[in-house]
Each structure stands twice: as structure tokens, then as C-alpha cells.
1. Is any residue of segment 151-183 close enough, with backbone N under 13 Å, to a label point placed 7 angstrom from the Cα of ASP219 along the Cα-Cβ axis, and if so, which?
2. Mean 1/r over all different Cα pairs, inverted: what Kirkwood radius does segment 22-136 give, in Å?
3. Please give the FRET efficiency for LEU152 paired with ASP25, using the beta carbon to beta carbon distance and R0 = 45 Å, rounded to the nearest 0.05.
4. With label points built 7 Å along Cα→Cβ from the Cα atoms of LEU72 and ALA39, find their separation and express it in nm.
5. Residue-wise, which Karplus ³J(HN,Hα) couplings in Hz belong to segment 136-150, taking 6.51 cos²θ - 1.76 cosθ + 1.60, θ = phi - 60°, and x for glycine or proline?
6. Would you mind estimating how fast segment 120-172 diffuses translationally, via Stokes-Einstein at 10 °C and 1.306 mPa s with the Kirkwood radius over Cα pairs, in µm²/s?
7. Could you rank LEU172, LEU214 by how accessible they are, 1.4 Å probe, largest area first?
8. Arrange the residues LEU114, LEU69, LEU177 by how much accessible surface each exposes, largest first, with a 1.4 angstrom probe.
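The values are calculated or read from the model by the stated rules, or taken from the named source; none is laboratory data. None of these values were measured; they are calculated from a predicted model. As a convention, Cβ positions derive from the backbone with ideal geometry for all residues, glycine included, and neighbour counts pool all protein chains shown. Accessible surface areas use protein heavy atoms only, side chains included; no ligands, DNA or RNA. Shrake-Rupley method; radii C 1.70, N 1.55, O 1.52, S 1.80 Å.
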Amino acid sequence: MLPDMQKDTPETMEHDAPEISYVPDHGEAMRIAEALLFASAAPLSAEELGGRLPEGADVEQVLQDLADLYALRGVNLVRIAGKWTFRTASDLSFVLARDVVEQRRLSRAAMETLAIIAYHQPVTRAEIEEIRGVATSKGTIDLLLETGWIRLRGRRKAPGRPVTYGTAPAFLEHFGLDAIEDLPGLEELKGAGFIEGRVPSDFSVPVPSDADALREDEDPLDDDLLQPLDMHQTEAGEE
């Protein structure tokens, strides 16, 4: 006599059935991300896009595939300041040149000050003047603050508690940098012709950092600093 065969009950079948996980359609996720990026007036982070894509979508892969898709087109998907946005292909900038409003160029003093802040941040006005070797007017600092390229960081733990300055996200966006570490180093500056002749053996280019966290020698800003900037105030002796 054959042994009794245990019949599968609905409960047993349900228990033994393999779990089916939902895998979102990658192509549909790309279409949604593409639409969001085109419609956004500002660059979007991977986290911001991930909150709008289908659950489980591989956001990083979606963005990489979109970047590859647009690599040879008139607009490219690029990552700037840690966020993603569409920009006109760099080799087509001449086509749009006639439609671009020419903006006022920064003075040499402003460009030197901006470069020092970018590489040496956090840095005070006195430290900027020490590096430049000449006085720096408050108007130059105010102008850079007005552009949104630099920001007030904190106060140096030193006599007088001078304000420290650093770059802002708008600096990265304007100059097309993903991170402050993408600024050119010594070899790149020499290759571009910015540094010529023999370089002293102890000469080096600082490794920039725009971390938000205050350093040990910085205190938080005081509320009395939040006041309108006087764009017309200047001081004698600036070069």
C-alpha cells in the first residue's frame, strides 16, 4: 500500500512561493529624470531626483546613462557642485555668443582676492592682504559677496576676531566645477602658463577645501554681521 501523499494546502503553497520583488523599468526612470532635469530652473542632486523616481530605481545608473546619452548632443548632462543639470555643449558656445549679455569683468584685485579665498579658505582679510602684498579694499570683498561667489564663514579666534571668508556653491556653478578640489594644481597651472620660470623648491599650491564645518580656530558668526553691504565703500591703498 502506497504511503499517503500530503496534499499542498493553500497555506502551504503560499508559504513556499518565492517572493517576487518589483524592479522598476529603467527606461521609464530615465524618462522621468530627463523631464525633471529639463523642467528644473536649478541643478538637482541625486537625492532630490531619487525622491521623484519610481521606488527602487538606481538613481546613479539613471544619471550616468542619461549623461552618456547626451554626451554627443547639443546639450550635455553635467554634474556641477555635486548636482546635475543640462548645459549647452562647450564646443557650441560660439553659436550662442551673440545672445549672451556681456557682463562686467572683475578687476585684477578682485580676481586675485577670489583666487586666494578659493585656495586658502577659510581666510581673513588681513591674511589676503599678506598673501597679495597690498591692501584690499572692503569694496572688493563686498563685490565678491554680491556676486554670491564667496560667503562669510565665521570669526577667527584671534585678537579682533576678524571675519573668515570661503567660497559658495555659486562659485562652483559659475566656473563649471563639481567640487572645490577640481581647481587646478601646481602642474596644471604651470601647463596653462600661469606659472613661468623656475619654481622655488618650497613652493606649493594649497589643497582647497570648502567644508561647511568651522575649524578649530573659527567661531560662529555674530548676528550683527547680517546687515546690508556698502558696495561703494573703498579704502586708499588698494591695487
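1. Only 154-164 pass the distance filter.
2. Result for segment 22-136, one decimal place: 17.4 Å.
3. Taking R0 as 45 Å, the efficiency between LEU152 and ASP25 is 0.45.
4. Result for the modelled spin labels: 3.0 nm.
5. Values, residue by residue: 10, 6, 5, x, 5, 4, 4, 4, 5, 5, 5, 5, x, 7, 10 Hz.
6. On the way: Rh = 11.4 Å.
In µm²/s, the coefficient rounds to 139.
7. Descending accessible area places them as LEU214, LEU172.
8. Highest to lowest solvent-accessible surface, that is LEU69, LEU177, LEU114.
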